[in-house]
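Right, one structure below, let's go through it.
The values are calculated or read from the model by the stated rules, or taken from the named source; none is laboratory data. Worth saying up front: this structure is predicted, and the values here are computed from it rather than measured. Note that we place each Cβ from the backbone using ideal geometry, even for glycine, and neighbour counts take in every protein chain shown. Heads up: the accessible areas ignore ligands, DNA and RNA and are worked out on the full protein's heavy atoms, side chains in. Shrake-Rupley method; radii C 1.70, N 1.55, O 1.52, S 1.80 Å.
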Amino acid sequence: MKKHALILGTLAGQAEAMEWLKDNGWLVSACGHVQEGPGVATADHFYLVDILNIEKVTELARDIKADVVYSVGSDIAMPTVARVSETLGLPCFHNSETTSILHRKVLTRQFLNDHNISTTSFQKLRTVEDVYKFKTFPAILKPADSQGQRGIFIVESVEEAARLVPQSFAASKTSEAIIEELIDGPEISVHAFVVDSKLVFFQPSDRHTWEGPAVGVPTGHVLPSHFTSKDMLPRVRDLVESCVSHLKVANGPLYFQMKLSKEHGPKIIEIAPRLDGCHMWRVVEYYTGVNLIAACFNRLLGLPWQYADVPEPTTPYSLWFFLQKTGETFQKSLHALPADANCVYQHFLYTDGQKVRPTNGIIEKVGYYILKG
């Protein structure tokens, strides 16, 4: 009998997970608060259920007899994944407590500081007046619980922060924000996977970001990491292993964003209890031979880690995004590969004539390609 997965969300990242599931004999259902995105057509069944409504998602998972409730690349889905799975006794990587800590940026920062991991000055903001309690500038201001680079600003003074904090509040579902000291230095991502409380997969990559007004929008990811020196690499791994230990993670993926400060070494910016939202599983598989989507669903079924004997990577790969302004009409012809690029994969997230989604109101990823070498 086919295993049945309920996937929360229907955007491109979730659709890629659905495709793998269907290719491997699963029955796939999906739900969302609107019937849009490539996952609607990819799933065997779609249900109009808001992924934030834990009670309704629980009812749906029970009614369809789902074996697994999961999502890929979505911060907002993970608390629901944890609560529904716990209620129904379904397999789950990260419990509600861990998911809550990593979903709320204030809780993440407090957890890291409390355990002396990558300590950073910060202030929780519930009112504009709270900004004046913070004294470390330049700083970064962001919503307490959102994704997609919404409402994020680099601020040079408390006056600038006070002027911009209402926009950060507006991007938060709880109308809260956080301001923290700005860490200078190149940015890396780290894909980590834990099996039986042991870090079995650790892969840093360079994270390149857009130089426009939207803070932190990724333009590409490069493997192996050139930003991470041989001296810095063990320190990065130590941070990851310390988080795994203190969070008591037994199984599953974690996704880290870090800055490499010349003065302070590696500093954790954010941690997600999921795979990334940048389709990086594809470039990771090209580079390492490890399919992280396969690893997730196989481990949820209790299957052993299947990548113990993967050879050391020797060929570099990189993933780059096609970007377009939000609200514009997508046209594939506007996006061309670089000259002489050794492209091994290309995919567009929109079809001609579709409006680019207003994720952050400025710029959006509309496709990506993977280069070898």
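Can you give the net charge of the other residues whose Cβ lies under 13 Å from the Cβ of TYR317, counting K and R as +1 and D and E as -1?
Surrounding charge for TYR317 is 0.
Which entry is the computed P(r) over Cα pairs in 10 Å bins from 0, in percent for this structure: (1) 5, 23, 33, 24, 12, 3, 0; (2) 5, 23, 34, 28, 10, 1, 0; (3) 4, 18, 22, 22, 17, 10, 5, 2, 0, 0?
(2)
Find which of THR98, PHE169, ILE362 sits farthest along the positive direction of the dipole of the chain, computed with +1 on the beta-carbon of Lys and Arg, -1 on that of Asp and Glu, about the Cα centre.
THR98
Can you work out the accessible area per residue across the stretch 286-362, with the rest of the protein chains kept in place, probe 1.4 Å, in square angstrom?
56 Å²
Where does the charge balance sit around GLU59 when Lys and Arg score +1, Asp and Glu -1, over other residues with C-beta under 14 Å from its C-beta?
+1
Just to check I understand the Karplus step: with θ = phi - 60° and J = 6.51 cos²θ - 1.76 cosθ + 1.60, what whole-Hz values come out for the stretch 8-16, glycine and proline as x?
These are the phi-based 3J(HN,Hα) values: 8, x, 9, 6, 4, x, 5, 4, 5 Hz.
Using DSSP to define loop residues, name the trypsin sites (Lys or Arg not before Pro) in the stretch 130-223 whose beta-carbon has at most 15 other beta-carbon atoms within 10 Å.
In loop regions of the stretch 130-223 (DSSP not H, G, I, E or B), the sparsely surrounded trypsin sites (Lys or Arg not before Pro) are LYS135, LYS173.
Could you tell me the relative contact order of the stretch 146-227? Use alpha-carbon pairs under 8 Å, at least six residues apart, and round to a whole percent.
So the answer I get is 25 percent.
Counting alpha carbon pairs within less than 8 Å and at least 6 residues apart, what relative contact order, in whole percent, applies to the stretch 276-373?
Once divided by the residue count of the stretch 276-373, the mean separation gives 31 percent.
Per-residue HN-Hα couplings for the stretch 159-164, Karplus 6.51 cos²θ - 1.76 cosθ + 1.60 at θ = phi - 60°, whole Hz, x for Gly and Pro?
Along the stretch 159-164, the couplings run 5, 5, 4, 4, 6, 9 Hz.
Which trypsin sites (Lys or Arg not before Pro) does the stretch 222-278 hold that lie in a coil by DSSP with at most 14 other beta carbons within 10 Å?
In loop regions of the stretch 222-278 (DSSP not H, G, I, E or B), the sparsely surrounded trypsin sites (Lys or Arg not before Pro) are LYS230, LYS248, LYS262.
Summarise the accessible area of the stretch 127-271 (1.4 Å probe, protein heavy atoms) by the percent that is carbon and sulfur.
Of the solvent-accessible surface of the stretch 127-271, carbon and sulfur hold 50 percent.
Give, rounded to the nearest 20 debye, the magnitude of the charge dipole that the stretch 260-303 has about its Cα centre when Lys and Arg contribute +1 at Cβ and Asp and Glu contribute -1 at Cβ.
40 debye
Are there GluC sites (Glu not before Pro) in the stretch 1-98 that DSSP marks as loop and that have at most 13 other Cβ atoms within 10 Å, and which are they?
Qualifying residues, ordered by number: GLU36.
Note down the accessible area of THR120, probe 1.4 Å, to the nearest 10 Å².
Only protein atoms counted, so the area is about 10 Å².
Using helices alone, what [θ] at 222 nm do you get for the chain, with -39,500 (n - 2.57) per DSSP H run of 4 or more residues, divided over all residues and rounded to the nearest 500?
Result for the chain, helices only: -8000 deg cm²/dmol.
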